[in-house]
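One structure is given below, encoded as structure tokens.
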């Protein structure tokens, strides 16, 4: 049986459903006692792990659970680091100590976004507290991998579903002739949730070792994406107004010119490669139009 730690997260919940659909025996932890069931064991990563044991028969694990909002990590770095670093590593060690391979989900936020397609082994350069915490956890995972432990890291950036609220809202407003505001200093190279689930499944099945990355091949700013949607809908580009993360009062480090990571290892070894950002945006627009 595979164990997903953090089944309440969007990606964790999607992976749980995807793996069950593939016929995989899988359990996804929850910290909400009302959701506990046979395949939803209770685990609160902020609490003591001293007496916690993985479910019987666990043969691989993936750690999704994290305090992932930049604002939350900035507001309380101690409490967020307790989950994102201290407890995550304690959990990994309990799993690894029982011979269970562990896949750890990380983020492009361990880099500063100054250059595109960052290599997997590039030095870390985080700008946010969240990125610094993920970087610290990665360093410890790397030390365990160097000692031959069955661990792997999968770095992601923007993960989207075909029902992503932002693009759905933009499409609806623009189609109605209403203006939107889009950041010129924030970019994305999105990957659809289904592809992330594919990558997680294959890395867990293979008990992969090392650092893997998955993003789209190029970045576009939110402003460029907004203007593309306007063009696809046949409305005036002037409806898309330029904004910045600074004007919006977002935390420092939210805006970055590059989110792309060198994803060639996943492509070359497993055939997993994300399509261009505009192909992903088109799939969102098409899905919305089919619903209307």
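All alpha carbon pair distances within the range 220-286 were sorted into 5 Å bins beginning at 0; the resulting P(r) in whole percents reads 3, 13, 17, 18, 17, 16, 9, 5, 1.
Would you mind checking the tilt of helix 222-233 against the longest principal axis of the Cα atoms of the chain, expressed as 0 to 90 degrees and rounded to 10? Compared with the principal axis, the helix lies near 60 degrees. Helix 165-175 and the longest principal axis of the C-alpha atoms of the chain enclose an angle of approximately 10°.
As a length-normalised measure over Cα pairs under 8 Å and 6 or more apart, the relative contact order of the chain settles at 19 percent.
Every Cα-Cα pair of the chain was included, and the share exceeding 25 Å stands at 49 percent. Contact order for the range 71-154, expressed relative to its length and based on alpha carbon pairs under 8 Å spaced 6+ residues apart, stands at 38 percent.
Inter-label distance, residue 194 to residue 122: 3.0 nm, where each label sits 7 Å from its Cα along the C-beta direction. The GNM of the chain, with springs linking C-alpha atoms under 10 angstrom apart, assigns the highest mean-square fluctuation among 246, 229, 200 to 246.
Determine the calculated [θ] at 222 nm for the chain from helices alone, applying -39500 (n - 2.57) to every DSSP H run no shorter than 4 residues and normalising by the residue count; nearest 500 deg cm²/dmol. Mean residue ellipticity, 222 nm, calculated: -11000 deg cm²/dmol. Summarising the label geometry, the points placed 7 Å from Cα in the beta-carbon direction at residue 257 and residue 146 lie 3.3 nm from one another. Among 91, 250, 105, the largest mean-square fluctuation in a Gaussian network model of the chain (Cα springs under 10 Å) belongs to 250. Extension gain, residue 166 to residue 47: 0.36 nm times the residue separation minus the Cα-Cα distance gives 39.5 nm.
For the listed peptides 115-123, 25-33, a ranking on the average number of other beta carbons within 10 Å per residue, highest first, reads 25-33, 115-123.
With r defined as the distance between the Cβ atoms of residue 247 and residue 8 and R0 fixed at 51 Å, what FRET efficiency is calculated, to the nearest 0.05? Computed FRET efficiency for residue 247 and residue 8: 0.95. A simple spin-label model places the labels of residue 75 and residue 35 2.0 nm from each other, with each point 7 Å out along Cα-to-Cβ.
None of the figures in this text is laboratory data; all of them are computed from the coordinates on show. Just so we're clear, the structure is a prediction, and the values are computed from it rather than from any experiment. Note that each Cβ is placed from the backbone with ideal geometry, even for glycine, and that neighbours are counted across all protein chains shown.
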